[in-house]
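Single-structure report; data block below.
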Amino acid sequence: MREYKLSINGNPYCVSVLKVTDEEVVAEVNGVKHVVAIDEIKTLNPIAGLPPGAGETAAPVALVPPVQPSTAPATSSADSKDLITSPIPGHILEVCVSVGEEVLAGQKLLVLEAMKLENIITAPRTGVIKKLLVAQGDAVTHGQAMVELD
């Protein structure tokens, strides 16, 4: 639950968001409960100058551009350019490739959930999947090796 102290045209309001679904928002405004029907949900561009999350009143599904994986120094004998590492901590939602599969630069390899957002991990170059170092449901840390390309 979130509580907001707002002023509209100089009038103070205390708003508590009690429940948010795709169909409705239940909020308490100055002690009075309101059920607001949602007719349409749109994902808008962020408001310039506001910190992340400042303009959010619900938990929208964000369309996130593909995350370019980082390459960390190798911890094994593999060359670091061959390792695709996690750019952020999270959980593996989906593994989209298999060992031995040829992939193209930019091809989706994994879906990584982090902070309730789905991040698409793509191949940094054309190659063949040599090793899958994660599986669906695995938790990963920042910089952890996830895929090795040949």
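The values are calculated or read from the model by the stated rules, or taken from the named source; none is laboratory data. The model shown is predicted, which means the values in this text are computed figures rather than measured ones. Cβ placement follows ideal geometry from the backbone for every residue including glycine, while neighbour counts extend to all protein chains displayed.
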task = Please find, within segment 100-150, the residue that is nearest to Ile88 (Cα to Cα) out of those that are acidic (Asp, Glu) and under 19 Å from the mean Cα position of the chain (by Cα).
result = Glu113
query = What residue, of Ala145, Ala139, is over 14 Å from Asp82 (Cβ atoms), out of contact with any Pro (no Cβ under 6 Å at 6 or more places or on another chain) and either buried (at least 17 other Cβ atoms within 10 Å of the Cβ) or modelled with pLDDT under 95 (or both)?
reply = Ala139
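Do we have any residue at all in segment 85-92 that's in contact with a Cys (Cβ under 8 Å, 6 or more places away or on another chain) and at pLDDT 90 or above?
Within segment 85-92, none of the residues are in contact with a Cys (Cβ under 8 Å, 6 or more places away or on another chain) and at pLDDT 90 or above.
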request  = Could you tell me whether any residue of segment 129-136 is out of contact with any Phe, Trp or Tyr (no Cβ under 8 Å at 6 or more places or on another chain) and modelled with pLDDT under 90?
outcome  = no
query = Within segment 92-121, can you find the residues that are assigned to a loop (DSSP other than H, G, I, E, B) and within 17 Å of Ala135 (Cβ to Cβ)?
reply = Cys96, Val97, Ser98, Val99, Gly100, Glu101
note = Residue pairs qualifying under the 8 Å Cβ cut-off, at least six apart or on distinct chains, with the first in segment 17-38 being free of Cβ contacts under 8 Å to residues at least 40 places away in the same chain and not assigned by TED's automatic domain parsing to the domain that holds Glu3 and the second being small (Gly, Ala, Ser) and surrounded by fewer than 13 Cβ atoms within 10 Å (Cβ to Cβ), are none
